[in-house]
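Here's the structure, in structure tokens; my notes come after.
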Amino acid sequence: MTDPHDAQVLLNGVPVAEAEGLSLAELLARLGEPADAVATALNGSFVARERRGDLRLARGDRIHLFKAIVGG
């Protein structure tokens, strides 16, 4: 049986409409996420900030955003 989530781009486990074909940087900009405020992973691999514009999103991609936690 095929997983229905394989047919779409997921961001932190949630389907994202019209993300396929965008770069990771473009998706973050559309979502209003400041580039320097989050770390990103694509399909389980860390993506450096300077590489986000080079990576085009495809069907079945899984993106994870991580925000820094500051505390003492």
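Bear in mind that the values in this text are calculations on the coordinates, not laboratory data. Since the model is a prediction, treat every value here as computed from it, not as a measurement.
Whole-Hz ³J(HN,Hα) for each residue in segment 8-22, computed from phi via Karplus 6.51 cos²θ - 1.76 cosθ + 1.60 with θ = phi - 60°, x for glycine and proline: what do you get?
For segment 8-22, the Karplus curve yields 8, 7, 10, 10, 6, x, 10, x, 10, 5, 6, 8, 4, x, 6 Hz.
When the Karplus curve 6.51 cos²θ - 1.76 cosθ + 1.60 is applied with θ = phi - 60°, which whole-Hz ³J(HN,Hα) does each residue of segment 23-40 get, with x for Gly and Pro?
For segment 23-40, the Karplus-derived couplings read 7, 4, 5, 5, 4, 4, 5, 4, 7, x, 8, x, 4, 8, 9, 9, 9, 10 Hz, x marking Gly and Pro.
So how much slack lies between Ser23 and Ala58, counting 0.36 nm per residue of separation and subtracting their Cα-Cα distance, in nm?
11.7 nm
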